[in-house]
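Reviewing the structure listed below.
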Amino acid sequence: MAVIAVEIVSKETIKPSTPTPEELKTLKLSILDHINPHVYARHAFFYTNTNPNPSSGVSNYCDLLKASLSKVLAKYYPFAGRIDKITINCNDEGVEFIEAKTEANLADVFLPKPAVLELHELAPFFPASDDVNNNDTKAALVIQVTRFACGGIVIGTWFSGKAGDPHCFVNFMNDWAALTAAGDPIHHRDPEFVGVSVLPLPSQMAYMPAPKPEKPHFPTRRLVFDVSKLKQLEPNIPAAADSIIIALLFKSIAAAMKSSSAAGSRKKCMIDYVVNLRGGLTNPPVSDHAAGSFGSHNFLAITEEEMQQGAGIRPILEKLKGAVAEIKDKYSKKDADDEWSTDMYRGFLKLIKLVLIERAEMFVFISSVGLPYYDVDFGWGSPAWVGSTPLPWKNCILLRNIKNNIKGGGGGGADENHIEAWISLEDEKVLETVASDEEILAYATINPTISLN
């Protein structure tokens, strides 16, 4: 598919509907916010036509979206600020809101296959903004709304990893959508910007400039896994479906890396397993409404001996399960204080040693399974599809539920029986080996068609 031509109609800065109080003007970043690279997670929420008059223009949608965005930013006030080293300056500078249009139809993106094998094909639907290229201070959030000729729209977003994690982002999108659809004040609990009080910067940790992205993007493949088949894989080990997918993919990646000359002098392959601290893993517990980053990185090594014992993915599953148990044991027996942050700081130093000195190859697995991406309903139904482009860092694997009509079943919301995996690897040969792995393909389909019904 050729790159779709998109015309920018207008650019506007949306500010919070009420000024941020003076005492909230500076938000200090937590240790997790601080060590996260300053890269933007890009999401595209595609909506089919619900407007009986497609020629009425994008502005009818955009006027409503801009008004509700202004209101929701009064609650999510840091997202209207600018990120500066170890703080967010909550100065109400606002969120850049871009209106665009295209003569293409949604079917040009999705049929016969979603345009993900060549990621630049999705690029026109993400904001092109100077606010994300400023070297001194950067925006937390940028939004672009593009209208298709068929009447469908796509809401593309850039969201900084310094401002929050996937959980935080999805909460924001659902609150914005609920406010747009209902026209009433947000009925959810307000976001809680408590990261620095729970996970402050350790006293021994100085400011570190965020590393620059390695490339605009890496070779990527999209797989959709059948959860019912996965559950038959390791019946004697209780494990969540996303954990089984991580284990399967890592096993395949490690085998492909071993036989690839591109692996060079790398001594080991490791998992960076990101665990959401919300939901009762800590004492005191971190609220589901906590905004910011609460994804704890856990670095897991699985030796060749463990992989060659004929135990399948069992050793990997046990390591993943052990990581969660260790977090719960460590952070549930003490109050939130500098000790938590010190533990995380030591883990960050361990990562630096592993990658730079021991030359370990790290594979980052981020699971958003269970997060309500497909509940983001602005009043015209749930998204037909939520697309992403991978982070500009090598060896990242993102997991998320898909919509429950991707197999033609109809309806809205997420499909708990299918999980989408976006696999971005530095070595394209390794990626192709994994994507053609018969063990993987026994449980997954490569880039299946998305139904727009």
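Annotations
- Shown in residue order for region 30-46 are the 3J(HN,Hα) couplings computed by the Karplus curve 6.51 cos²θ - 1.76 cosθ + 1.60 at θ = phi - 60°: 6, 4, 5, 4, 5, 7, 5, x, 7, 10, 9, 6, 10, 10, 10, 9, 9 Hz (x for Gly and Pro).
- Estimated FRET transfer efficiency (A67, A107; beta-carbon r; R0 22 Å; 0.05): 0.10
- Along region 190-200 the Karplus relation, 6.51 cos²θ - 1.76 cosθ + 1.60 evaluated at θ = phi - 60°, assigns HN-Hα couplings of 5, x, 10, 8, 10, x, 5, 6, 8, 10, x Hz to successive residues, with x for each Gly and Pro.
- Accessible area of E432 (1.4 Å probe, protein heavy atoms only, ligands and nucleic acids ignored): about 70 Å².
- To put it simply, the accessible area of region 354-396 at a 1.4 Å probe is 60 percent carbon and sulfur.
- Distant-in-sequence amide contacts of K162, defined by a placed amide H-H separation under 5 Å and a gap of 5 or more residues or a different chain, comprise V39.
- 19 Å Cα-Cα threshold exceeded, pairs from K25/K138; K15/K85; K319/K353; K231/K429; K162/K268; K162/K330: K15/K85; K319/K353; K231/K429; K162/K268; K162/K330
- Once the Cβ-Cβ distance of R346 and K231 is raised to the sixth power relative to R0 = 30 Å, the FRET efficiency obtained is 0.25.
- Protection-proxy order for peptides 314-325, 157-168, 69-80, each taking the mean of Cβ atoms within 10 Å per residue, highest first: 157-168, 69-80, 314-325
- 3J(HN,Hα) from dihedral phi, region 165-170, Karplus parametrisation 6.51/-1.76/1.60, rounded to Hz, x for glycine, proline: 9, x, 4, 4, 4, 5
- Long-range amide H partners of E96 with built H, under 5 Å: I14, I143
- Amide H contacts under 5 Å for A140: G81, I83, restricted to partners 5 or more places along the chain or on a different chain, H placed in the peptide plane at 1.01 Å from N.
The values are calculated or read from the model by the stated rules, or taken from the named source; none is laboratory data. Predicted model only: the values in this text are computed from it and were never measured. Positions of Cβ are backbone-derived with ideal geometry, glycine not excepted, and every protein chain shown enters the neighbour counts. The accessibility values were calculated without ligands, DNA or RNA, using every heavy atom of the protein model including side chains. Shrake-Rupley method; radii C 1.70, N 1.55, O 1.52, S 1.80 Å.
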